[in-house]
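Shown next, in structure tokens, is the structure this report addresses.
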Amino acid sequence: MKILHYVDENNLAWRETWIQLIKELGRLGIENSIVCKSGGTLSSRLREEGFSFSTCDVPVAWLPQTALELGRIIGRFRPDIIHTRLSSAARIGGWWGKRMGIKVIQTIDKYPKAIYHKNASFLIACSESVKAHMLRNGFRNDMMTVIHNPVNAGMYKRDEKVREVIRKKLGAGRDTRIIMAAGRFVEWKGFDVLLKAYAAVLNEKTTADSILLLLGDGEEKGQLYDLAEKLGLKGRVIMPGFVQDIRPYLWGSDIFVLPSKTPEPFGIILLEAMASGLAPIATMAGGPLDIIKDGLNGWLVDIDNPVHLSERLCYALNNEDIVKSIAECAAAGACDFDVAEIARKTVAVYEKILRRIPDQR
């Protein structure tokens, strides 16, 4: 089976998990061909991993017919299926698939406009929340399924030696609990809510010393610094900036918080934290609802509610044994999203689509 994977991008936040998925598809017998934009970090990582790939820079992204190089690549490779990710690739790849009579499967990682996916043969939503969004936009239930984004769980298994090193670097004592969050510093990610909740935690009686670690960068960075100072959190909040490899910081931490104010389409960082042995807390909307079973492998809290979040953090800090139990269940639960299982489900969709004539929209 020949699959052409197309992303109209050259930098992907989730490139490592996507690369691991394509590797696993190859192990399952899929002949993969990859097409992406030139330049950027994606092509360099593909080259490092030894992938054969092509680049295509589309002159006018909203005019798929201008992607002549993509048409030539499709003609040479003659795939059984074109598999796209992201809206621009869905629009362009869908147009060329329809023109050349090739089935097009489109993975959806966000909450896109329907027009991008009008030429899809089949949709793969990354969460039940994204699937519900597509249903509300007029797509039929029988032309889509949910396959979650993968995590390479083995890559995130905690390294105790690295944990000791990073905790020393952060100035954490043996009994200090590190609460961690990570992502782009933009308003909807809710880091301001976390700062307010943590300030409330420090005003309550807890049995544990703690540090709040915020990893990332973005337009809200200055505002978050100012808010932390205003809340009297100087010395209790550490913001190292963006890091290329987040694993050492995950391994050094104890509790992970995803405080998003609007629904996450999925939340791959949540899975990475769980696979690293952290007890997770996330707002109860979007992708986290597919990942966390409240009170079993993590906790869910109300959106944009620092009071509820602070109560959950206080509970976690005061109940070390429960946190350890939650973290163990979280690590086990992350294995359900392991890249090998997600690859198997993806191949099953390929086989299903090739067995029937798709209903083109």
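The values are calculated or read from the model by the stated rules, or taken from the named source; none is laboratory data. The model shown is predicted, which means the values in this text are computed figures rather than measured ones. All Cβ positions, even for glycine, are placed from backbone atoms using ideal geometry, and neighbour counts span all protein chains on display. Side chains are part of the model used for accessible areas, which takes the heavy atoms of the whole protein and leaves out ligands, DNA and RNA. Shrake-Rupley method; radii C 1.70, N 1.55, O 1.52, S 1.80 Å.
Structural remarks
- Of the candidates K196, K234, the single residue that is over 20 Å from D302 (Cα atoms) and more than 19 Å from the chain's Cα centre (by Cα) is K234.
- Close pairs (7 angstrom Cβ cut-off, 6 or more residues apart or separate chains): over 18 Å from S210 (Cβ atoms) in region 158-174, assigned to a loop (DSSP other than H, G, I, E, B) and open to solvent by less than 100 Å² (accessible area, probe 1.4 Å) anywhere: R158/S276; R158/G277
- Looking only at residues in region 51-97 that are open to solvent by less than 10 Å² (accessible area, probe 1.4 Å), small (G, A, S) and under 24 Å from E24 (Cα atoms), the one that is farthest from the chain's Cα centre (by Cα) is G93.
- Qualifying residues in region 299-337 (those that are open to solvent by less than 40 Å² (accessible area, probe 1.4 Å) and not in a helix (DSSP H, G or I)) - the one nearest to G154 (Cα to Cα): W299
- Test set (1) under 23 Å from the mean Cα position of the chain (by Cα); (2) within 18 Å of Y350 (Cα to Cα) - V151 fails condition number: (2)
- Pairs, first surrounded by fewer than 24 Cβ atoms within 10 Å (Cβ to Cβ) in region 269-285, second part of a helix (DSSP H, G or I) and of a type in the set (S, T, N, Q), C-beta under 8 Å, six or more apart: A285/S129
- Some residue of region 305-315 being within 26 Å of K168 (Cα to Cα) and among the hydrophobic types (A, V, I, L, M, F, W, C): yes
- The strands (runs of 3 or more DSSP E) found wholly in region 1-82 and carrying at least 2 residues that are without any contact (Cβ under 8 Å) to a residue 40 or more places away in the chain occupy 31-36, 53-55.
- Residue check, A172 among the hydrophobic types (A, V, I, L, M, F, W, C) and not in a loop (DSSP other than H, G, I, E, B): no
- Note on region 114-156: residues that are surrounded by 14 or more Cβ atoms within 10 Å (Cβ to Cβ) and in a loop (DSSP other than H, G, I, E, B) total 12.
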